[in-house]
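**Q** Could you have a look at this structure, given as structure tokens, before my questions?
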Amino acid sequence: MQRVILLSLSLMISTSMIGQKRVVIEKFTNIFCGSCPNASIEIEKLVEAYPGTIWMKHFKPVDFEEVPLENEQSLQLWNDLGVFGVPGAMVDRTTVGASPVSYNIARWKTLLEERLAEPEYAQIDIADVSYDVDNRLLEFKIRVEFNELPPEGALRISAVMLEDSVKKKQKSYYNDVAGHPLEGLGEYIWDYIHPNVVRGILNEAWGTAGVIPESPSVGVPYEESFSYIIEDTHKVKNMKIVAMVSQHEAAITSRQVLNATEVKLIDSGLVLSSTDDNALSAYSGLTLSPNPVVSRLDVSFETIPEELYMTDIQGRSVLHFGRLEKQLSLDLSELAQGTYYLTGRVGEHFFNEKVIKK
């Protein structure tokens with residue numbers, strides 16, 4: 001058995017932008033929701049405006065077509081919450097009227113700002129990550145340490161597995177909307193890139209009970225181990241772990257997220273064998289400047305890349321670069337202002353660097 005073990009990652013992948021509360025947006029969606037891709041664009045704008053915001057997509061299956069984006073735990077959330085339409089979203093699972101789910105896209109920003117004003121309460125670390133290449137078994141620990149006492153009541157730890165950049169079709173109402181980012185892409189976007197798809201919530205849909213006592217102590221670490229088998233159809237290089245600490249009262253309107261953190265596996269130091277076709281390790285031999293950029297982006301590689309292109313926040317390729325060298329000056333003057341990703345591959349290494357176009 002080939003097994004790659006990582007050193008403890010707790011210093012690298014934690015909420016520890018010390019003192020910063022992180023907020024979780026959970027979007028409810030399906031591929032036949034024509035307004036849902038625009039909702040994703042609006043969430044991406046919030047993530048850009050409020051760094052550290054974490055977001056994910058809970059899919060619900062449909063009866064008339066098999067679209068393998070759903071999972072049992074997300075479906076339980078749908079059913080428990082009585083979600084009646086899409087797109088809807090929970091922002092830190094806070095209550096909006098009689099439900100934590102809000103269907104008002106403009107309201108999400110207000111909720112986000114309100115939650116950012118809340119205390120951090122706890123520092124969360126994702127640590128001791130390891131991956132068994134042969135069995136596609138991922139193992140890690142979540143550690144929680146409270147900076148101050150949280151509200152009274154039951155608490156749970158959630159470990160959520162996300163897969164980014166999942167290519168599946170998506171209905172769109174914006175094919176004929178002039179100037180919209182989705183203009184001209186069709187009533188169905190057949191190669192739509194779905195970001196942050198929830199692939200599973202480990203142990204229990206609403207989080208793992210019994211790890212944190214109802215009256216936790218400040219400065220005392222609480223820890224739980226998790227394991228997850230990554231399916232053959234899921235790309236390891238696109239997987240993320242999200243860790244959350246939340247309240248858990250009987251009333252579904254009293255299950256607010258206190259804090260969270262996330263990590264991409266390729267950013268965790270994970271090195272994988274080339275025998276895993278879906279697994280590419282992160283490439284660190286890349287520098288770029290200036291960023292934000294106005295017109296030309298200077299990029300330097302230790303090794304000449306095999307592929308290089310620029311994608312937008314929906315994962316669509318907007319520029320493809322040929323004649324690749326170790327030193328490049330990329331002309332981005334034709335791109336509109338916004339967030340993009342310089343994406344490519346060097347051997348068995350993958351990179352996906354955010355670029356802000358001014």
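The values are calculated or read from the model by the stated rules, or taken from the named source; none is laboratory data. In this text the structure is predicted, and so the values were computed from the model without any measurement. Positions of Cβ are generated from backbone atoms using ideal geometry, with glycine treated the same way; all protein chains shown enter the neighbour counts.
**Q** Of all residues in the range 205-253 being modelled with pLDDT of 95 or more and among the hydroxyl-bearing types (S, T, Y), which is surrounded by the most Cβ atoms within 10 Å (Cβ to Cβ)?
**A** S246
**Q** A154 is checked against (1) closer than 19 Å to R255 by Cβ; (2) without any contact (Cβ under 8 Å) to a residue 24 or more places away in the chain and fails just one. What number does that condition carry?
**A** Condition not satisfied by A154: (2).
**Q** Within the range 303-339, which residues are exposed (fewer than 12 other Cβ atoms within 10 Å of the Cβ) and assigned to a loop (DSSP other than H, G, I, E, B)?
**A** Answer for the range 303-339, where residues must be exposed (fewer than 12 other Cβ atoms within 10 Å of the Cβ) and assigned to a loop (DSSP other than H, G, I, E, B): E306, G322, R323, E325, S333, E334, A336, Q337.
**Q** Right, something else. Please identify the pairs in which a residue from the range 29-48 that is free of Cβ contacts under 8 Å to residues at least 24 places away in the same chain has its Cβ atom under 6 Å from the Cβ atom of a residue that is among the aliphatic types (A, V, I, L, M) and not in a helix (DSSP H, G or I), counting only partners at least 6 apart or on another chain.
**A** Matching pairs, first to second residue: none at all.
Conditions tested, residue by residue: (1) modelled with pLDDT under 95; (2) charged (D, E, K, R); (3) assigned by TED's automatic domain parsing to the domain that holds L138.
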{"residue": "I13", "(1), (2), (3)": "yes, no, yes"}
{"residue": "Y50", "(1), (2), (3)": "yes, no, yes"}
{"residue": "I54", "(1), (2), (3)": "no, no, yes"}
{"residue": "D63", "(1), (2), (3)": "yes, yes, yes"}
